[in-house]
Amino acid sequence: MATFDDVCELGSALPEVTVGTFYGTPGLQVRKKGFCRLWGEREHKRDGVHDTEVLVVFCELEAKPLLLDAHPDVLFSTPHYENYGAMLVRLADADLDDLDEWLEDSYRLKAPATLVRQLD
């Protein structure tokens, strides 16, 4: 089981990550570019998911169907995110190792190349 505190702890291990807001909800940023965020109340109401905190992370659009199929109890999408390189994580069901991987992948998509090279 993961929480947003876990997200902050894992994300803070990446270069130049700050905790802030992204689309008006708590999230992580790299050089003022958001790479993950919690769903807000409006999104919970819009998409009818009320049982858990939901984290939005970015992914390669081509990889999204494979990721969703591999982790159907944790990852999901909604019509709002259809044809978009983002997936939704049910934090209460997320394993910390998987969450760490998804956060790093999302970070790599948003961070400048100079920071991504520091990871490699």
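The values are calculated or read from the model by the stated rules, or taken from the named source; none is laboratory data. It should be emphasised that the depicted structure is a prediction, and the values quoted were computed from it without experimental measurement. Positions of Cβ are generated from backbone atoms using ideal geometry, with glycine treated the same way; all protein chains shown enter the neighbour counts.
On the given criteria, is F22 buried (at least 16 other Cβ atoms within 10 Å of the Cβ), without any contact (Cβ under 8 Å) to a residue 24 or more places away in the chain, among the aromatic types (F, W, Y) and touching a strand residue (DSSP E or B) at 6+ places or on another chain (Cβ under 6 Å)?
Criteria met by F22.
For P72, state whether it is loosely packed, with under 12 Cβ neighbours inside 10 Å and at pLDDT below 95. Let's see the steps before the verdict.
On the way: loosely packed, with under 12 Cβ neighbours inside 10 Å: yes; at pLDDT below 95: no.
The answer is no for P72.
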Determine whether R31 is touching a Leu at 6+ places or on another chain (Cβ under 8 Å) and charged (D, E, K, R).
yes
Quick check: is even one residue across region 109-118 modelled with pLDDT of 95 or more, closer than 17 Å to F4 by Cα and exposed (fewer than 12 other Cβ atoms within 10 Å of the Cβ)?
no
Single match in T78, T52 (criterion: free of Cβ contacts under 8 Å to residues at least 60 places away in the same chain, surrounded by 11 or more Cβ atoms within 10 Å (Cβ to Cβ) and under 17 Å from F4 (Cα atoms))
T52
Taking region 25-49, which residues are at pLDDT 90 or above, of a type in the set (K, R) and surrounded by fewer than 21 Cβ atoms within 10 Å (Cβ to Cβ)?
R31, K32, K33
From the list Y107, Y81, which residue is of a type in the set (F, W, Y) and under 28 Å from H50 (Cβ atoms)?
Y81
Exclusive hit being of a type in the set (A, V, I, L, M) and either touching a strand residue (DSSP E or B) at 6+ places or on another chain (Cβ under 8 Å) or at pLDDT below 95 (or both), set L55, L61, L66, L10
L55
Taking region 67-120 on its own, how many of its residues are acidic (D, E) and farther than 20 Å from T18 by Cα?
8
Hey, L88 at pLDDT 95 or above, surrounded by 13 or more Cβ atoms within 10 Å (Cβ to Cβ) and closer than 22 Å to C8 by Cβ or not
yes
